[in-house]
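Peer 1: Before we start, here is the structure in question, set down as structure tokens.
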Amino acid sequence: MEAGLVERGRDVVGHVTRVGYVKKIITKRRRTRRIVRPPQVAPPMALQELFVSCLDVFKGPGTVPSPQDVQKLCHILDNMKPEDVGLSAELQFFKPSNGVKSDPRVTSTTIYKCDNFSLCMFFLPATGVIPLHNHPGMTVFSKLLLGTMHIKSYDWVDSVDSDSSVQSSQLRLAKLKADRVFTAPCDTSVLYPTTGGNIHAFTAITPCAVLDVLGPPYSNEDGRDCSFYKDHPYAASREATVKMEEADCYGWLEEIEMPENSEIDEIEYLGPRIIEHR
């Protein structure tokens with residue numbers, strides 16, 4: 001959910017402060033005092049293990065991790081805690097708002113990105129929404145680190161070739177894969193290029209933090225742009241291709257422009273740093 005969703009450079013300082021991802025202490029300058037930066041410390045083992053495993057698992061566009069590799073990454077992510085990426089439930093962002101209306105705008109931060117995969121996080125305030133969108137040719141691992149959110153996801157019933165004459169404005173049948181509430185800590189969810197709920201939407205019930213591993217990441221140049229959709233009840237169309245008793249398990253998806261106020265502001269990652277192998 002990077003390209004097509006992230007709008008860089010907007011209200012960055014405000015969102016960093018709101019999330020509470022970093023605490024800055026401002027002191028007066030003194031001419032005789034030198035600022036000595038602390039040496040780089042090793043990142044939490046789980047974060048470093050995730051990074052190293054991703055280097056091995058993701059082979060580039062057009063490939064899908066093996067079941068064994070999926071299990072390996074899920075095992076690492078299932079055991080990750082907010083503290084592994086510099087977060088805590090004690091941060092003000094994740095506490096009840098006490099009746100104060102919060103800004104529902106979503107922010108994201110990128111821990112690492114290369115051609116084969118990316119590690120990023122999304123911060124959703126209560127009522128914040130990442131609208132229904134797809135992940136073309138991608139395998140995505142999502143780990144809810146903090147909060148409670150509703151996830152709704154679909155997979156296409158039929159495949160459409162790139163040369164197809166199907167117009168983006170037409171309704172296309174999709175099967176509902178998930179439509180329920182998740183609360184951290186919970187198991188990692190995995191979606192694949194054509195299965196597992198490749199088209200999904202997040203709606204935060206309480207303030208949430210989600211760690212995503214995308215392989216490969218979005219890329220407009222490589223044809224992996226993000227598309228947005230609006231879902232309609234199966235009964236909304238006269239076309240009958242499934243039994244009516246199964247209608248609740250299906251929906252019609254309509255490709256739309258990016259919904260208003262759905263841009264995601266990107267902030268600098270200020271948590272523990274991974275150590276890249278040279």
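The values are calculated or read from the model by the stated rules, or taken from the named source; none is laboratory data. Note that the structure is a prediction, hence the values are computed from the model and not measured. Side chains are part of the model used for accessible areas, which takes the heavy atoms of the whole protein and leaves out ligands, DNA and RNA. Shrake-Rupley method; radii C 1.70, N 1.55, O 1.52, S 1.80 Å.
Peer 1: Per residue of segment 171-180, in order, report the coupling 6.51 cos²θ - 1.76 cosθ + 1.60 (Karplus, θ = phi - 60°) as ³J(HN,Hα) in whole Hz, putting x for Gly and Pro.
Peer 2: For segment 171-180, the Karplus-derived couplings read 7, 10, 6, 9, 9, 6, 9, 8, 7, 7 Hz, x marking Gly and Pro.
Peer 1: How much accessible area per residue does segment 170-266 have, in Å², with a 1.4 Å probe?
Peer 2: The answer is 53 Å² per residue.
Peer 1: If you don't mind, another one. Can you give me the long-range amide H partners of residue 199? Hydrogens built in the peptide plane at 1.01 Å from N, cutoff under 5 Å, separation of 5 or more residues or another chain.
Peer 2: For residue 199, the qualifying residues are 154.
Peer 1: Return the sequence-ordered ³J(HN,Hα) values of segment 56-66 in whole Hz as given by the Karplus equation 6.51 cos²θ - 1.76 cosθ + 1.60 applied to θ = phi - 60°, using x for Gly and Pro.
Peer 2: 7, 7, 8, 9, x, x, x, 10, 10, x, 5
Peer 1: Multiplying the sequence separation of residue 170 and residue 127 by 0.36 nm and subtracting their Cα-Cα distance, what value in nm do you get?
Peer 2: 12.6 nm
Peer 1: A further question on this structure: Which of 143/243; 113/175; 59/143; 72/230; 95/177; 152/243 have a Cα-Cα distance over 29 Å?
Peer 2: Check vs 29 Å cut-off fails for 143/243; 113/175; 72/230; 95/177.
Peer 1: Explain nothing, just compute: Karplus ³J(HN,Hα) = 6.51 cos²θ - 1.76 cosθ + 1.60, θ = phi - 60°, for every residue of segment 201-208 in order, whole Hz, x for Gly and Pro.
Peer 2: 9, 10, 10, 7, 8, 10, x, 10
Peer 1: Non-local amide H neighbours of residue 132 (under 5 Å, H modeled in plane, Pro and chain starts lacking H): which ones?
Peer 2: 229
Peer 1: Taking amide hydrogens as modeled 1.01 Å from N in the peptide plane, which residues meet the under 5 Å criterion relative to residue 145, leaving out close sequence neighbours?
Peer 2: The list, which skips near neighbours in sequence, is 209, 210, 211.
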